[in-house]
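Asks: Quick one: the structure is below, questions incoming.
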Amino acid sequence: MSDKVINISDKKDPLSVVEIEVKIRAECENIICFSTQAQEGMTLLKFEKELRKLLSHMGCLFIQLFLMSCHGRLDYSKWVNTGLYYFRKLPVSKTIKTVFGKVEYHRTYLVIKKKNKKGGFYPLDTILGITADGFSPWVMSQATRLATRVSFLTTVKIFGYFYGWSPSTESIQTLVLGLGRQAGGYMEIAVAPEGDSAVLIIEVDGKATPTATEEELEKRRKKRGKNKKGCCQRHRGKEKRKGKKRKRRKKGDKSKNGRSITIVVMYTLRRGSDGLLHGPINKIVWASYAPRQVILQWARRHATKRGFPPGSGKRIHIAIDGEPCLEKGLSVLFPEATFALDIIHVEEKLWKIGRTYYGEGSEKTEEWVEEMKTQLYGGRIKELLSQLREMLKQLSKRAERDKNKREILSAVIKYLDPRVHMMNYKQYLEEDLPIASGIVEGAARYVVGERMDCSGMRWVPGRAEALLHLRCVELNGDWDKFFDWAYQKWRNKLEKEEKVIIRTNELIELLKAA
């Protein structure tokens, strides 16, 4: 399905605008005849398939007409009259892959006259914003955007279903890597959303993706031998595995080899006439493989951009899980914020104690947990902790029957005790503020899990970072703004007579904390 060629001219010399117009008119007549004089017995299904091919061919002709018309109208005098350039004798052909197929056009090359400077540039490509990638900007946008939603292989198939051809998986990966390295810059300069309210909510969480080990990477880099002929895939695989022992994983070994991503979700809430906070408003998500402090510093900058700078006195509320480094890092950056420990995490720990004491699924367990939750939601956190400590005192330090209960109770007390200041649930509920980090946990699932934590996937962080950033841009609904911004940057470089190519295999260097 990849790189299908749609030939629109058998002529080696460039077609004139008039010749292309003649071909277009002939194609229009051909489509009209095909539609009105279809063969007897032709079904709508067959007609639609054939019509799509004819229209793709027509689309290529129209793009060629546009390109050659621009070539004919372009005034080269503003470059040649400077005395810095001279014409190459014959126009140079170029093939560009558009959504309709491959299109060939011709453009003039201007050579630099300076002795100490070699090369030149194509003014037509500069004016039209055509890079050296071999794809039209629209193809680059559509292919990379689709790759943020589905795997690279599925991107090739879906793109092919709709357009009749597709860039290869390798081309899409290099486009993602090239375009993705610009997403971070866009997020830094992007204008703050309009219509924000007076209460800012920040939720932070993490999720690991499967990462390729050095052993796996070394295996990928090896030159692949040729498949033996005259045998099926099944038996070639058996032959390849013969004599090789597969290493058995030890207990506790994890095959995922996960690398953590930090995810930030930020939005505002507006208090309505009913006294409740409504939203979320202008929700935005950003994530990175970089050290945690990097993404927290980004959250601080973005909050300032949205009108919540340090010392503003505006309400900032942060919901997180119990990870100490998150609360520690955020409290330095947001000293004026209130913090909520995700209440679902606390409830889970209470259920764990209940099951240990009274058994799985028993009525007594439910009654005990409900009693604890009443204290939790009622703002009696210290009373709840005192009760847990009293339960711990009543257990024997030597009896084996109490060992499991002691361990679980001790772990829960150790978890809750230093986080009491984040458990003002009664006050937060009265103010209608979030007491759980459900939105960021959902983001961990749909931003990371649904695209980057699928079966068989193994990522290199320097590559995955590009896709992760593009996926955030797409899910934030900013794709068109982002691509227009990136496209303008390419055009600015082209106007400076620089060669621009977006596709790259160069890994992204992860940012370090300031």
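The values are calculated or read from the model by the stated rules, or taken from the named source; none is laboratory data. This one's a predicted model, so the numbers in the text were calculated from it and none came from an experiment. Reconstructed Cβ throughout: ideal geometry from the backbone, glycine too, with neighbour counts over all protein chains shown.
A quick yes/no check of all residues on (1) modelled with pLDDT of 95 or more; (2) within 28 Å of the chain's Cα centre (by Cα):
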site: LYS245; (1), (2): no, no
site: LYS254; (1), (2): no, yes
site: THR262; (1), (2): yes, yes
site: TYR267; (1), (2): yes, yes
site: GLY279; (1), (2): no, yes
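Asks: Condition check: of a type in the set (Lys, Arg) and not assigned by TED's automatic domain parsing to the domain that holds LEU15. Does LYS157 satisfy that?
Replies: yes
Asks: Looking only at segment 126-157, which residues are touching a strand residue (DSSP E or B) at 6+ places or on another chain (Cβ under 8 Å), surrounded by fewer than 22 Cβ atoms within 10 Å (Cβ to Cβ) and assigned to a helix (DSSP H, G or I)?
Replies: Passing the criteria: TRP138, LYS157.
Here is a yes/no grid of residues against (1) more than 30 Å from GLU347 (Cβ to Cβ); (2) among the charged types (D, E, K, R); (3) within 27 Å of the chain's Cα centre (by Cα):
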site	(1), (2), (3)
TYR415	no, no, no
GLN427	no, no, no
ILE439	no, no, yes
MET457	yes, no, yes
VAL460	yes, no, yes
LEU475	no, no, yes
ASP478	yes, yes, yes
ASP484	yes, yes, yes
GLU495	yes, yes, no
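Asks: While we're looking at this one, here's another question. Name the residues in segment 424-446 that are touching a Ser or Thr at 6+ places or on another chain (Cβ under 8 Å) and either assigned to a loop (DSSP other than H, G, I, E, B) or not aromatic (Phe, Trp, Tyr) (or both), would you?
Replies: Hits for segment 424-446 are ASN424, LEU433.
Asks: Follow-up. Being of a type in the set (Ser, Thr, Tyr) and part of a loop (DSSP other than H, G, I, E, B) is the filter here, so list the residues in segment 158-181 that pass it.
Replies: Once the filter is applied, which keeps residues that are of a type in the set (Ser, Thr, Tyr) and part of a loop (DSSP other than H, G, I, E, B), segment 158-181 yields only SER168.
Asks: Among GLU441, GLU465, which is the only one that is in contact (Cβ under 8 Å) with a residue 24 or more places away in the chain, surrounded by 20 or more Cβ atoms within 10 Å (Cβ to Cβ), among the acidic types (Asp, Glu) and under 29 Å from LEU177 (Cβ atoms)?
Replies: None of the others qualify; the one that does is GLU465.
Asks: Would you mind telling me which numbered condition in (1) more than 29 Å from LEU429 (Cβ to Cβ); (2) touching a helix residue (DSSP H, G or I) at 6+ places or on another chain (Cβ under 7 Å) ILE413 fails?
Replies: The failed condition is (1).
Asks: Could you list all residues from segment 39-76 that are in a helix (DSSP H, G or I) and of a type in the set (A, V, I, L, M)?
Replies: Passing the criteria: LEU44, LEU45, LEU51, LEU54, LEU55, MET58, LEU61, ILE63, LEU65, LEU67, MET68.
Asks: Restricting to segment 77-125, name every residue that is assigned to a loop (DSSP other than H, G, I, E, B), hydrophobic (A, V, I, L, M, F, W, C) and within 20 Å of LEU61 (Cβ to Cβ).
Replies: Within segment 77-125, VAL99, PHE100 meet the criteria.
Asks: Quick check, is LEU416 closer than 24 Å to GLU188 by Cα and not in a loop (DSSP other than H, G, I, E, B)?
Replies: Here the answer is no, as LEU416 does not meet what is asked.
Asks: Still on this structure, please answer the following. Could you pull out the residue among THR126, THR174 that is in contact with a Leu (Cβ under 9 Å, 6 or more places away or on another chain) and of a type in the set (Ser, Thr, Tyr)?
Replies: Going through THR126, THR174 in turn, the sole match is THR126.
Asks: Of all residues in segment 470-484 being surrounded by 16 or more Cβ atoms within 10 Å (Cβ to Cβ) and not aliphatic (A, V, I, L, M), which is farthest from MET266 (Cα to Cα)?
Replies: This residue is PHE483.
Asks: Right, something else. On the given criteria, is TRP485 in the same structural domain as GLY184 (by TED's automatic domain parsing) and either acidic (Asp, Glu) or at pLDDT 90 or above (or both)?
Replies: Yes.
Asks: Still on this model: Taking segment 158-188, which residues are surrounded by fewer than 15 Cβ atoms within 10 Å (Cβ to Cβ), farther than 22 Å from LYS102 by Cα and in contact (Cβ under 8 Å) with a residue 40 or more places away in the chain?
Replies: GLU188 - this is the single residue of segment 158-188 that is surrounded by fewer than 15 Cβ atoms within 10 Å (Cβ to Cβ), farther than 22 Å from LYS102 by Cα and in contact (Cβ under 8 Å) with a residue 40 or more places away in the chain.
Asks: Failed condition for SER455, given (1) without any contact (Cβ under 8 Å) to a residue 60 or more places away in the chain; (2) within 28 Å of LEU330 (Cα to Cα); (3) hydroxyl-bearing (Ser, Thr, Tyr), with all others met?
Replies: (2)
Asks: On to the next question. Filter segment 85-107 for residues that are under 13 Å from ASP125 (Cβ atoms) and buried (at least 18 other Cβ atoms within 10 Å of the Cβ); which is modelled with the lowest pLDDT?
Replies: Only one residue tops the list, namely PRO91.
Asks: Ok, one more. Scan segment 305-323 and tell me whether some residue there is free of Cβ contacts under 8 Å to residues at least 40 places away in the same chain, outside the structural domain of ALA183 (by TED's automatic domain parsing), in a helix (DSSP H, G or I) and closer than 22 Å to ILE189 by Cα.
Replies: There is no residue in segment 305-323 that is free of Cβ contacts under 8 Å to residues at least 40 places away in the same chain, outside the structural domain of ALA183 (by TED's automatic domain parsing), in a helix (DSSP H, G or I) and closer than 22 Å to ILE189 by Cα.
Every residue, every condition in (1) touching a residue at least 40 places away in the same chain (Cβ under 8 Å); (2) outside the structural domain of ARG181 (by TED's automatic domain parsing); (3) loosely packed, with under 12 Cβ neighbours inside 10 Å, yes or no:
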| residue | (1), (2), (3) |
| --- | --- |
| LEU44 | no, yes, yes |
| ILE63 | yes, yes, no |
| LEU74 | yes, yes, no |
| GLY83 | no, yes, yes |
| ILE112 | no, yes, no |
| LYS118 | no, yes, yes |
| TYR122 | no, yes, no |
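Asks: Let me ask something else. Can you report the number of residues in segment 303-325 which are surrounded by fewer than 20 Cβ atoms within 10 Å (Cβ to Cβ) and within 17 Å of THR262 (Cα to Cα)?
Replies: Number of matching residues: 5.
Asks: Something else about it: Among the numbered criteria (1) hydrophobic (A, V, I, L, M, F, W, C); (2) modelled with pLDDT under 95; (3) buried (at least 20 other Cβ atoms within 10 Å of the Cβ); (4) part of a loop (DSSP other than H, G, I, E, B), which one does MET457 miss?
Replies: (3)
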